[in-house]
Amino acid sequence: MNSHERYCNTLRGLTPSHAWRNATLEAMKAAQGNKVRLRRRPLAYTAAAAVLALAVSGGIWWSGRMAADPDGPGTAHTPQPVTTSEPAITPDPEITPTPEPPDSQNESFSIVTDPSQLMGNNPAAGQLEELTRLPVYENPIPTEEEQRTLLDQWAEVLGLTVAKTDWYPAQGEDTMGREPTLEAECTDGTWLSLHGLNFLSVYNSPDQPRLEEAALAYLGKSGLEPTQEDRETFAYTSEKDAIQVTWLKDPDASLAEQLYSYSFQRIENTYGSRLTICLPPTTGGADYPLRPVEDAVASFRARDYWGSDYTAYPEQAEILHVTLEYDVSQGQPYLQPVYRILFTQDYWDEVIASRMDDGVDTSAFTGVGVAYVPAIEPEYQEEVPYRRYFNDGLAHFTPEDFS
């Protein structure tokens, strides 16, 4: 890992979490008595918005699991067709949007020139009614020995020779500290960073195209086609942050199997600076029924959703795209399917104009956010609880956060 990557990683590690901010705000509120009524969640996101704007990663979430699962994507039941269709993706007609709500400056989202830049190429798009059950996989916390075995395996796959390693243990089970990190410097100068059993980052490689080809060949099998999608976001300076994602598609596979490949057999290319290899689950999966997509959209509208993007007015948001994927972000106790809701607000153009650097023509930009709603039927969510983190705090919004 070069000095720049280490510097960025250090800054990310120093970023205050939502949990820290919330605790600080509560302490401030107690000290002030009842003089000022603090809105806990929006204030917490004021500081987060600046961080998210620099990274502009609101809709970018991929990471993965590892060590190929010999049983593939579990034993999914044959999907039963349902008669309901996907929900209309329009704002509530009874809501009259304001040009710019009073606390809109506290909201967080990604900056794009075209919302389709974050829609992706998900095989389940437009076919959600075909999926009624999907497997859920356990996400164990690995030991140092397990990580070293996996890293050696992948170094061999990539044709690399490890020169030295550093292991950093997990700091807890209920935060992003669930996933210890093993770093390795190779003899050709390449750096490897294995996060839990989820994904392997490759830095500073003198031959990145060869490594990407080797990784795809190892993850795939005969008949899988490399399929690509490009994701672009922009910083407040108008600088573009682009990621190319390659995943392995089998056109003859079931939709559930294609979704498995899309989520777990993929590589993110941050255009020359880093490869992130997403790795399949290490355990077999147990099937669970899926809630209807209409139910997930209603949950978002009712202000019950997850993610680092935030809007105080989900009931009036314009929903652009709804699809299904496995959440493989850090800290997950289980790797399970979630509904990914891409949305926008008509007043975000004004927010962007006020936030972007002086001299930037903001007319080409618009904002889009991503919300996540667990796809497993609510009655089973206690059995396989869903978690999503932003730094070391839960990224969960509930109706109480808006009161």
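Points to keep in mind about this one:
- The Tyr168 and Glu129 beta-carbon pair, evaluated with R₀ = 41 Å, returns a calculated FRET efficiency of approximately 0.40.
- Cα-based shape type of segment 164-286, given that a ≥ b ≥ c are square roots of the gyration tensor eigenvalues and the cut on a/c is 1.5: rounded
- Under the criterion of Cα pairs below 8 Å and six or more residues apart, the relative contact order for segment 129-202 equals 26 percent.
- Projected-area mean, segment 187-226, by convex hull of Cα positions, square nanometres: 3.5 nm²
- Cα gyration tensor, segment 254-359 - rounded (a/c under 1.5), prolate or oblate: oblate
- Contour minus Cα-Cα distance for Gln381 and Ala286 (0.36 nm per residue): 32.9 nm
- Ala235 versus Ser273: modelled label distance in nm, points set 7 Å from Cα along the beta carbon direction: 0.8 nm
- Label separation (Glu138 vs Glu213): 4.0 nm, computed from points 7 Å beyond Cα along the C-beta direction.
- Simple spin-label estimate for Ala302 and Thr181 in nanometres, 7 Å along Cα-Cβ: 3.8 nm
Readers should treat all values here as calculations from the given coordinates under stated rules, not as data from a laboratory. In this text the structure is predicted, and so the values were computed from the model without any measurement. Virtual Cβ from ideal backbone geometry, glycine too; neighbours counted across all protein chains shown.
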